[in-house]
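Step one of this worksheet: look at the structure below.
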Amino acid sequence: MLLPGFCLGLVYAAYISRLTRTGMLEVLSQDHIRTAYAKGLAPRTVVMRHALKGGLLPVVSYLGPATAGILTGSLVIERLFFIPGLGLHFVNSASNRDYTLAMGVTILYTVLVYTLNTVVDLAYTLLDPRIDLAEEA
Amino acid sequence: MALLEVRDLRVTFETHHGTVRAVDGVDLALEPGETLGLVGESGSGKSMTNLALLGLIPAPGRVEGSVLFEGEELLGRSDQDLRRIRGNRLAMIFQDPMTSLNPLLTVGRQLTEVLELHKGLARREARARCVQALGDVGIPSPEERLDQYPHELSGGMRQRVMIAMGLLCEPALLLADEPTTALDVTIQAQILELMQEVQRRHGTAIVLVTHDLGVVAGMADRVAVMYAGRLVEKGPTGPLFGTPLHPYTRGLLESVPRLEGAAGHALDSIPGSPPDPAALPPGCAFAPRCPLAEDSCRAERPPLVDQGPERASACPVAAAREEGAQA
């Protein structure tokens, strides 16, 4: 199970590390980071306390689609490693013209994407106090 | 002994377009409890001077010269040493309180961390001190404010928080980088008043960086005028504003809009724009815009020369004319 998991996650890990890098670079160039240094905080504290939260925002927004992608994207991996999973099931249903099963799996995937994106949106309010979902513009 | 003594401070950046001299040989001295106004156009090196004092010049920049603060040399000290001074003995408040406060942390967290760091206070004690500090800068119901985020406060409130933050450890010197520029006029007046009050109470010395001459006139004991990274004139506020010695200072003062005077009269301004700091002219940097410029100005850079009690100017031409007029 180790190797398939690794293969499945590798692409996303690479993308997330890029996102984190970009996010952190952006936050670290902001004015309030200079304020933090001017207070006498150590670089480590500045990064961990002042920059990380903001730098991770883009990563969090990617986590929703990424999780859905990992779950649905497993069909190739399952095929490669001969794992009898949902993805393989989906492919078989298509080639067997089992419409009911194909539709069911599609709906399941759709629900997954929806739910995970909603969870991410809600998680945003915890991370960024400026976002208030209750407030209507 | 002077609280702060800056000698021949230079900040240079190596860029693709050549060496940029952001600060080029600045000398300053400041006594405890004194306010020094540092004025000049955008890009004249005012903010860079301040950041250099804190050791916060961004990466490719090089700082040379000498900065004596409370008898200790700050330049060349390790970051660890400087961190003990920053925010503690030497604090800075920044221009735009919207972007200079962390939007993702509560006001309280941003305040208490200073005390936890420098005074070793526990979170609860630090919090109590911060409530008091916010009250001192005129913030109503400080207890509640501590749990709010910067975006929930108004601009004036945020600047008050900034000031409170700067003063938490009762620093000997407060570097204020355009503290009122982002605020509207009534709030500006309140903030300046607050800074003066704080100064009276704690005896804090202030370096006030601004391009607003009105603010300087009301606040500063002494003024230093910067142009293209150099000091062109310094002196006590009253005499300097009364009889400016350098043509640049004159130009600055003349370009202040006045209430009296004919309506429709175009505002005075200094012709031209500041020079490219990567390609400064060989002589006086102000010569291309100066009404008094002579050939000698363009050939050699005039040094800052003492003229009268506590005053100095870097314009030999104006000085010679002055003498000529008196004779």
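The values are calculated or read from the model by the stated rules, or taken from the named source; none is laboratory data. Owing to the predicted nature of the structure, the values given are computational and were not obtained by experimental measurement. Note: ideal-geometry Cβ built from the backbone for every residue, glycine included; neighbour counts use all protein chains shown.
Remarks
- Lone unmet requirement of (1) in a strand (DSSP E or B); (2) over 17 Å from residue B:206 (Cβ atoms) for residue B:41: (1)
- Test: residue in segment A:1-21 that is in a helix (DSSP H, G or I) and within 14 Å of another protein chain (Cβ to nearest Cβ): no
- Across segment A:2-15, the number of residues qualifying as in contact (Cβ under 8 Å) with a residue 12 or more places away in the chain, out of contact with any helix residue (DSSP H, G or I) (no Cβ under 6 Å at 6 or more places or on another chain) and either closer than 16 Å to residue A:78 by Cα or of a type in the set (Val, Ile, Thr) (or both) comes to 2.
- Condition check for residue B:236: surrounded by 10 or more Cβ atoms within 10 Å (Cβ to Cβ) and modelled with pLDDT under 90: no
- If you check B:88, B:50 for being at negative phi, of a type outside the set (A, V, I, L, M, F, W, C) and in contact with a strand residue (DSSP E or B) (Cβ under 7 Å, 6 or more places away or on another chain), only one passes: B:50.
- Residue within segment B:65-79 that is within 14 Å of chain A (Cβ to nearest Cβ) and either hydroxyl-bearing (Ser, Thr, Tyr) or part of a helix (DSSP H, G or I) (or both) present: yes
- A residue that is crowded, with 19+ Cβ neighbours inside 10 Å and closer than 24 Å to residue B:84 by Cα occurs nowhere in segment B:135-149.
- Residue B:50 being buried (at least 19 other Cβ atoms within 10 Å of the Cβ), within 15 Å of residue A:34 (Cβ to Cβ), of a type in the set (S, T, N, Q) and within 14 Å of chain A (Cβ to nearest Cβ): yes
- Residue list for segment A:29-57, restricted to those being crowded, with 17+ Cβ neighbours inside 10 Å and either away from chain B (no Cβ under 11 Å) or at positive phi (or both): A:40, A:47
- Among residues of segment A:17-28 being crowded, with 19+ Cβ neighbours inside 10 Å and among the aliphatic types (A, V, I, L, M), the one that is farthest from the chain's Cα centre (by Cα) is A:27.
- Of the helices (runs of 4 or more DSSP H) lying entirely inside segment A:26-137, the ones with 3 or more residues being closer than 30 Å to residue B:90 by Cβ and out of contact with any strand residue (DSSP E or B) (no Cβ under 7 Å at 6 or more places or on another chain) are found at A:31-38, A:52-55.
Every residue, every condition in (1) under 30 Å from residue B:120 (Cα atoms); (2) modelled with pLDDT of 90 or more, yes or no:
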position	(1), (2)
A:5	no, no
A:14	no, yes
A:18	no, yes
A:28	yes, yes
A:37	yes, yes
A:74	no, no
A:88	no, no
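To keep it simple, each residue is scored yes or no on (1) closer than 19 Å to residue B:322 by Cα; (2) in contact with a Lys or Arg (Cβ under 6 Å, 6 or more places away or on another chain); (3) aliphatic (A, V, I, L, M).
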residue: B:232; (1), (2), (3): yes, no, yes
residue: B:235; (1), (2), (3): yes, yes, no
residue: B:239; (1), (2), (3): yes, no, no
residue: B:244; (1), (2), (3): yes, yes, no
residue: B:254; (1), (2), (3): yes, no, no
residue: B:258; (1), (2), (3): no, no, no
residue: B:266; (1), (2), (3): no, no, yes
residue: B:269; (1), (2), (3): no, no, no
residue: B:274; (1), (2), (3): no, no, no
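- The set of residues in segment B:178-193 being touching a Leu at 6+ places or on another chain (Cβ under 8 Å) and under 15 Å from residue B:98 (Cα atoms) consists of B:179, B:180.
- One residue stands out among those in segment B:134-171 that are among the small types (Gly, Ala, Ser) and more than 14 Å from chain A (Cβ to nearest Cβ): the one that is farthest from the chain's Cα centre (by Cα), which is B:141.
- Residue in segment B:270-278 that is hydrophobic (A, V, I, L, M, F, W, C) and over 12 Å from residue B:232 (Cβ atoms) present: yes
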